[in-house]
């Protein structure tokens, strides 16, 4: 790992619990991302995914440890790290253009109105909302609102995008379209992206790396799964890829059973060296202690049947 | 459908008004027996005893008197005989001054308290104690310290209209949606700009609601305050006409107090609609 664009180093989050006790959501969490990488985090509710994202965004501070982005420890929020909120978080008293322009004028304070407007318009066009600039968020559908959220995040040309289940409130069709657009935009602009999701297929379609987290409290990052699908994958033939089901089954097995039992079954789990799982390359698979290797197929066969 | 509903509602309102006026008219007809008495004695007695006229004015008497006032709203025949327009003007000016002063204090202070949990907790006991005090209870203290009855009335308006505005501003500012604050934080928006571009628009409907409650209370209180301080104003007019035993004028004043109060409320309601945003 030479190019660590983002490095989360041993962070913990604790809350004071009842009767002076402290609840540890997670501790000693290490995680790194390369520049331009699209990473998804999957885990059950309560494992601290959103807390990790908020710490990355600077909205929350870790109880221990540090986060280094682009060679610098982060302190607070930054215009380099844009957040796309689950609930889109548009300002309802501003129009579409007003919401995006607010972000633009926050980044470039010396710009005049015309320049801000032109810049905002570019990003509204990019997410396909041309013609709706003067509508208020209440007049938009859920999908359109989230498009505005994406345009607002992109308009400040961040170094990385943080997304907290951005599509979970949308219907399946809209979700598909927006996933396509986010993927296209991230590839085009070389964004580093960190996304929380509950949707396994979304993670497989979008991510280069998938982080699997065990259940909280006391959640750990169990595995980093490298996505074996090619970078120029398409939505329509995704499921025909020979490794698709192997990957999907691996993640679902983790969510269904191993996310509960992982901590107990893997006492020598080293949070600093989280096993990297390469689906379909048995030679490179790091099998965790006491667990039989999960990847026994070879590319080209029908991996879904062996699981 | 809605227009027909409005039409029907308007019709019912008119029928109710007519019924009320009719009952009032019937109830105040001159029916009492007329006693025979010497003209000397009759001069000392009211019209009730001499002509059997009801002591309560009927709607026609009130209407005729109201028309007189409407024709000459701004006459000034000395301290005890001024047009209703002048009297209402004094009251509105007092309410306006006290209210605006309260706005100038309550909204910035409410912002500070709402944004600072420390101040909020520290000032809470003071607000809780001061809020339920009847504004008129301040009157002796105000008269003693300010030594001017008119300014004291303004002070009473100020003190009574400050609390709903202050509390609503605090509440509105403190309950701005976390995600909107987070948007501003991720965009590195400074505290002052955040206050004006996120917190103020988000809290504006709540603040305006507080202002609307305040103007209602201020208008309620001015009548009582002017009864106490005397001299001018619609409250003084009511008390003066009571001393004159002119029930007709008292009824007219009551009607006008209601109308002006409604107008003040409607103005604030319009402002509230202007800043309300659909979600």
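The angle separating the long axis of helix A:172-189 from the principal Cα axis of greatest extent in chain A is about 80 degrees.
Using the Cα atoms as the points, what is the convex hull volume per residue of segment A:86-157 in Å³? Before the final figure, lay out the partial values.
Values: hull volume 5.6 nm³, N = 72.
Taking only Cα atoms, segment A:86-157 has a hull volume of 78 Å³ per residue.
Residues A:15, A:205, B:99, ranked from the fewest to the most other C-beta atoms within 10 Å, line up as A:15, A:205, B:99.
By the helix-only formula, in which each DSSP H run with n ≥ 4 contributes -39500 (n - 2.57) and the sum is divided by residues, chain B has a 222 nm mean residue ellipticity of -25500 deg cm²/dmol. At an R0 of 41 angstrom, the distance between the Cβ atoms of residue A:265 and residue B:128 translates into a FRET efficiency of 0.15.
Restricting to the protein assembly as shown, what percent of DSSP beta bridges are antiparallel, rounded to 5?
On the way: 21 of 43 bridges.
So the antiparallel bridges amount to about 50 percent of the total.
Only helical runs count toward this figure. For chain A, summing -39,500 (n - 2.57) over DSSP H runs of n ≥ 4 and dividing by all residues gives -9000 deg cm²/dmol at 222 nm. Stretched out straight at 0.36 nm per residue, the stretch from residue B:80 to residue B:68 would grow longer than its current Cα-Cα span by 2.6 nm.
Restricting to Cα atoms and excluding each atom paired with itself, what does the Kirkwood estimate give for the protein assembly as shown in Å? Write down the numbers at each step before the final one.
Details: mean 1/r = 0.0333 Å⁻¹.
Kirkwood radius, the protein assembly as shown: 30.0 Å.
Averaged over the residues of A:91-99, the number of partner chain Cβ atoms lying within 10 Å of the residue Cβ comes to 4. Restricting attention to chain A, close to 50% of DSSP beta bridges with both partner residues there are antiparallel. Working from label points 7 Å from Cα in the Cα-to-Cβ sense, the residue A:138 to residue B:141 distance is 4.2 nm.
Here the calculated FRET efficiency for residue B:121 and residue B:100, from their Cβ-Cβ distance with R0 = 35 Å, stands at 0.75, rounded to the nearest 0.05.
Taking only the C-alpha atoms, wrap a convex hull around chain B and report its volume per residue in Å³ as a whole number. Walk me through the numbers before you get to the answer.
Working: hull volume 51.6 nm³, N = 279.
Cα convex hull per residue, to the nearest whole number: 185 Å³.
Would you mind pulling out the separation of the Cα centroids of segment B:132-185 and segment A:95-118, in Å? Taking the Cα centre of segment A:95-118 as reference, the centre of segment B:132-185 is 37 Å away. The label-point distance for residue A:177 and residue B:30, in a model that sets each label 7 Å from Cα toward Cβ, rounds to 8.1 nm.
Angle of helix A:96-107 to the longest C-alpha principal axis of chain A, folded into 0 to 90 degrees and rounded to 10: 80°.
The C-alpha atoms of chain B define a longest principal axis, and helix B:117-130 lies at about 20 degrees to it.
Here the calculated FRET efficiency for residue B:262 and residue B:60, from their Cβ-Cβ distance with R0 = 25 Å, stands at 0.55, rounded to the nearest 0.05.
Laboratory data are not the source of any read-out in this text; all were calculated from the coordinates shown. For clarity, every value in this text was computed on a predicted model and none was experimentally measured. Counting neighbours? That spans all protein chains shown, and the Cβs are built from the backbone with ideal geometry, glycine included.
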